[in-house]
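Step one of this worksheet: look at the structure below.
The values are calculated or read from the model by the stated rules, or taken from the named source; none is laboratory data. What you see is a predicted model; the values in this text were computed from it and never measured. Cβ placement follows ideal geometry from the backbone for every residue including glycine, while neighbour counts extend to all protein chains displayed. These area figures cover heavy atoms from the full protein model, side chains too; ligands, DNA and RNA do not enter into them. Shrake-Rupley method; radii C 1.70, N 1.55, O 1.52, S 1.80 Å.
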Amino acid sequence: MKHATEEQLVLYYYGEQADEIQRHLESCEACRGSYQALQRVLNSVDSFPVPERGADYETRVWREVERRLPRRRALAWLAWKPLAAAAALGGLMAVAFFAGRSWRESGAKASAAADLEVRERVLMVAVGDHLERTQTVLAELANSGDPKNGALDISYEQRAAEDLVEANRLYRETAASAGDDRTANFLDELERVLLDVAHNPSQVSPGQLQDLRQEIEGRGILFKVKIFSSEVEEREAAQNAPVL
Amino acid sequence: MQSKGSMEESDSVAVARVRAGDGNAYRVLVERHSRAVFRLAYRMTGNEQDSEDVVQETFLRAYKQLHRWEARSSFSTWLYRIAANYSLDLVRRRQRHGEVAMTESAGERETDVVHALASHAPGPDRLLFSDRVQQRVAATLDGLSRQERTAFVLRHFEGQSIEEIAGALGLSGNAAKHSIFRAVQKLRRALEPLVNSQS
Ligand SMILES: [Zn+2]
């Protein structure tokens, strides 16, 4: 075998080179010498000093991170599986409804308004997360570069859109039955765009991609989602009781 | 101390709990990895305050992107990738603002002093010598390009494979490999006269 190159020795040092080098090093003094020189250099790099952190470092980091975490928790995570989140929303709305009713029946001051408020809050949190997710998927499509060799694979966005359509339908129906027409109408418009995405082939041609983009951009849907999201956040903040 | 296997296992259990809405489960992950993320950030940025920023931002980003993590890769590898990328952003912004403190030439000027020190053998000078090595390493790392530094730090200190590094940096395997080679060459040029005169 020829002498080992510097690159081979570096790879060998990091355990990314076959036994071949090891065998060669055993039999070749010259290469052994250059390997040892390399070892000394790379071992000395380990002396790079990193300042010590105090004993309570972990706790300190957590305290600061926790303060900055997004406030809505449980539903945000559920929203990864949009349909599960929407179904959970149905459950929560029922809970809120029955909680409101038994509260009334137990003789406390009956307040349909309070009941409605709880339900609206639950809906707003869920819709906020739904919009965030929708925005991500649509933005990815709107900003995707032109397909290089013919077709662009949008199967990921598509599967996401299919899930979102289902969830969107449930939120829309919930909003409508809660008498929140504005939210219901907005979700109706969003649903049409999501359906479009879901119904495309998973490989789109430049022309089809162009149509999709026009559908997203032409309706100004991303902008509307943004506006609506911030409204939702405000409504949520206004009802600032903790969620769940 | 837990073995790496069971540690990774409980990482994914913690992730599952966070996903299920248990906010406290995230605390486990933050506390478990905060020191390691700080070390990585410091090796990337060489700056204490920046490294603290990286720690915060990494855990916030990871929380928001937790749905993207797939259990087949290790959670810590994924987390360090986020940290490395944010460190890169930070260093890039600093460089754009011309705030780089150390340069290669600052390192060069020291060579003679270091040689002089190295030839004085044991005793307190020896301590001084290791300080010199540390300074030299720091100066050389600062002189690397961003890509070289990231690839090298991930390979050398974090033990990530070249394949993982290529994935993290969006490079081909070959490009990742060559970034590491170039980093090693620069370190060799800066350190070899020093460390090999000692042995
Ligand atoms: Zn040889």
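Have a look at A:24, A:45, A:11 and report the one farthest towards the positive end of the charge dipole of the range A:6-45, computed about the Cα centre with Cβ charges (Lys/Arg +1, Asp/Glu -1).
After comparing all options, I get A:45.
Quickly work out the residue A:2-to-residue B:185 label distance, labels modelled 7 Å from Cα along the C-beta direction, and quote it in nm with one decimal.
Distance between the two pseudo-spin positions: 1.7 nm.
For the range A:6-45, what ratio Rg/Rh do Cα atoms give with a Kirkwood hydrodynamic radius?
The Rg/Rh ratio comes out at 0.95.
Residue by residue through the range B:176-184, what is 3J(HN,Hα) from phi via Karplus (6.51 cos²θ - 1.76 cosθ + 1.60, θ = phi - 60°)? Round to whole Hz and write x for glycine and proline.
Those phi angles translate into 4, 4, 5, 4, 5, 4, 5, 4, 5 Hz.
Which residues of the range A:1-42 bury at least 40 Å² of accessible area once all protein chains are present, versus their chain alone (1.4 Å probe)?
The answer is A:6, A:7, A:10, A:11, A:14, A:16, A:40, A:41.
Can you compute the modelled spin-label distance between residue B:70 and residue A:17, with each label point 7 Å from Cα toward Cβ, in nm?
Taking the two extended label points, one gets 3.3 nm.
Give me the one-decimal nm value for the distance between modelled label points at residue A:205 and residue A:185, 7 Å along each residue's Cα-to-Cβ direction.
Using points 7 Å along Cα→Cβ, the separation is 3.8 nm.
Taking both sides together, what accessible area is buried at the B/A interface, probe 1.4 Å, expressed in Å² and rounded to the nearest 100?
Chain pair B/A: roughly 4500 Å² of buried accessible area.
Round to the nearest 0.05 the FRET efficiency obtained for residue A:234 and residue A:52 when R0 = 56 Å and r is the Cβ-Cβ distance.
0.80
Averaged over peptide A:201-208, how many Cβ atoms belonging to another chain are found within 10 Å of each residue's Cβ?
Per residue, the number of nearby Cβ atoms from other chains is 0 on average.
Which order do peptides B:176-187, A:19-30 fall in by mean Cβ count within 10 Å, highest first?
B:176-187, A:19-30
Other chains near B:137-149: what is the mean number of their Cβ atoms within 10 Å of each residue's Cβ?
Taking all residues of B:137-149 together, the mean is 1.
Take the Cα radius of gyration of the range B:125-199 and divide it by 2.2 N^0.38 Å, with N its residue count; two decimals is plenty.
1.22
Using only atoms on other chains, find how many Cβ atoms lie within 10 Å of each Cβ of peptide B:33-45 and report the average.
Counting other chains' Cβ atoms within 10 Å and averaging over B:33-45 gives 3.
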